[in-house]
Amino acid sequence: EAKELEKRHEKLKSQRRDMRKAHADQTVTILHAKVAQKSYGNEKRFFCPPPCVYISGHGWRSQSGCISLSHTLLSFPSPQQMFACAKSLFISDQDKRKHFCLLLRLFVGNRQEVGSFQSRMIKVISKPSQKRQSMKNADLCISSCSRVALFNRLRSQTVSTRYLSVDRGAFIASARHWSAFTITLGKLEDRRASHGDFVLTEGFICYGCVVQLVCTESGVTLPPMVIRKVNKQHAILDVDEPVSQLHKCAFQFRDDPQSFLCLSNDAIIQYQAPSSVRDPSRVVLNDGSCWTIIGVEVVEYTFNQGLACIQTPVTPFPVITGLEVNGGGHVAMLEIEGENFSPHLKVWFGNSEAETMFKSPKSLLCVVPDVSMFTDVWCSLRRIITVPLSLLRLDGLIYRTHFSFTFTPELQPPHSRAFLNGTLLFNCNCNNSRGSEVKTGTRDTPRGSERTLPSVTR
């Protein structure tokens, strides 16, 4: 029996290796701002930063194609240039919507449609708010651990706009590409240390706070900086109000208070700012050290055609928003919440299909597979096992998700293990991507069974 289990385990490993070789993911990433300024009269306030689309993954092979983003036609000529941005989008004063979405239509080859992909909701504003923001307008405030973009515009000229970006591990000022940065609120734990520990805290970003900017794609990080409000090319040092969308701001290096984040042509430098002669609470800035900050969204769609050749669009794209483990005993059920579900979808745990039941376009229910599908009996009782969750369409199309499923045995000394009516209790935890607990419980498993209790992570 042990040899059979070992052979089965090796066969599963071999199948996974073959699938990794045969399959190649295809990813569509949309970057856009959270807010858009409305245009009035004959003016055109183009969205800034412009919505961008990145096409990545080896699954695209040598395909070229074109993109229609909200009626604006873009193109990527080859796999080496699979990027496009829509610089001519704007919303006029005739449009009365307070929120809207961008719609991306993607075609490859001879106008074969890949699908239609939606952005997140975008809020329409008339102009940047100069009033002190309150928690009632939380959608206009910028919170810790959210994504932002920074741009510099000389004398309000669109052609002079430069975006803070990262290229090959270095910070640059780009006229075309912009990067999304995770802005985190924190403090230096030990200023005397050569490299102060940056301790993250929650809340809204306020002027005068220490923040750190981390590129969401490359992970490259700027040193801790103090964010300052800018008024008439002066950094104001005694303001502590919340930072709002499209505010002018400056970034003062925490360990060198005279230095500010600045651009010079395409380079990012440190500008040594002199204090104001008339007002000691102000610092005089140059044009390159005045930045505009705006919240941004990054929407990613990843799919895989597997061994099949899919001729139909991959959309509507199913999206998982939440998971909940139910039941106990011999059967554990996983309830999946989200959007765009259909009866043609099956839930997969790693490379194992689960019995799936369609409840509604926003809910699926599936049976959690036995842990022996992924490992042998004894290992399952001694270590944590995590497998990715995917959705599979009946024609073989695989939808990747950011969720995973974890089988976790109860970690207790042998003499203190709790037995109830001949069953062994295991912990059941449901966690999201940030590690916050969603659901905790226990379920009973027959003694000697190789099934452990699962947890769900994203």
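The lone criterion from (1) over 23 Å from Ser264 (Cα atoms); (2) modelled with pLDDT under 95 left unmet by Gln157 is number (1).
Of Gly327, Gly322, Gly306, which residue is at positive phi and assigned by the TED database to the domain that holds Pro369?
On the way: Gly322 fails: at positive phi; Gly306 fails: assigned by the TED database to the domain that holds Pro369.
The match here is Gly327.
I'd like the residue in the range 91-112 that is more than 25 Å from the chain's Cα centre (by Cα) and surrounded by 15 or more Cβ atoms within 10 Å (Cβ to Cβ) and, out of all such residues, is nearest to Trp178 (Cα to Cα). Full working, then the answer.
So in the range 91-112, the residues more than 25 Å from the chain's Cα centre (by Cα) come out as 91-97, 108-112.
From the residues that got through so far, the ones that are surrounded by 15 or more Cβ atoms within 10 Å (Cβ to Cβ) too are 91, 108.
Values: Ile91: 21, Val108: 25 Å.
Result: Ile91.
Got a sec? Which of Thr375, Thr356 is modelled with pLDDT under 90 and of a type outside the set (D, E, K, R)?
On the way: Thr356 fails: modelled with pLDDT under 90.
From the options Thr375, Thr356, the qualifying one is Thr375.
Please go through the range 254-279 and pick out each residue that is of a type in the set (S, T, N, Q) and assigned to a loop (DSSP other than H, G, I, E, B).
So in the range 254-279, the residues of a type in the set (S, T, N, Q) come out as 258-259, 264-265, 270, 272, 275-276.
Scanning the range 254-279 gives Gln258, Asn265, Ser276.
Would you check which residues across the range 293-323 are of a type in the set (Ser, Thr, Tyr), in a loop (DSSP other than H, G, I, E, B) and crowded, with 16+ Cβ neighbours inside 10 Å and list them? So that I can check it myself, show each step before the final result.
Residues of the range 293-323 that are of a type in the set (Ser, Thr, Tyr), as a first pass: 301-302, 312, 315, 321.
Within this subset, residues satisfying the condition of being in a loop (DSSP other than H, G, I, E, B) are 312, 315.
Once the filter is applied, which keeps residues that are of a type in the set (Ser, Thr, Tyr), in a loop (DSSP other than H, G, I, E, B) and crowded, with 16+ Cβ neighbours inside 10 Å, the range 293-323 yields only Thr315.
Examine the range 269-292 for a residue that is open to solvent by 50 Å² or more (accessible area, probe 1.4 Å), within 29 Å of the chain's Cα centre (by Cα) and under 30 Å from Ser144 (Cβ atoms), and state whether such a residue exists. Yes, the range 269-292 contains a residue that is open to solvent by 50 Å² or more (accessible area, probe 1.4 Å), within 29 Å of the chain's Cα centre (by Cα) and under 30 Å from Ser144 (Cβ atoms).
Looking at this structure, is Ser404 surrounded by 15 or more Cβ atoms within 10 Å (Cβ to Cβ) and modelled with pLDDT under 80? When the stated conditions are applied, Ser404 does not pass them. Looking at this structure, is Phe251 part of a strand (DSSP E or B), in the same structural domain as Asp167 (by the TED database), free of Cβ contacts under 8 Å to residues at least 40 places away in the same chain and closer than 15 Å to Leu150 by Cα? So Phe251 does not fit the description; no.
Within the range 248-263, how many residues turn out to be open to solvent by 10 Å² or more (accessible area, probe 1.4 Å), modelled with pLDDT of 95 or more and of a type in the set (S, T, N, Q)? Number satisfying all stated conditions: 1. Taking the criterion of being modelled with pLDDT of 95 or more and basic (Lys, Arg), the residues of the range 219-247 that qualify are Arg228, Lys229.
The values are calculated or read from the model by the stated rules, or taken from the named source; none is laboratory data. Computed from a predicted model, the values in this text were never measured in an experiment. Cβ atoms come from the backbone with ideal geometry, glycine included; neighbour counts cover every protein chain shown. We work out accessible area using only protein heavy atoms, side chains counted, and drop any ligands, DNA or RNA first. Shrake-Rupley method; radii C 1.70, N 1.55, O 1.52, S 1.80 Å.
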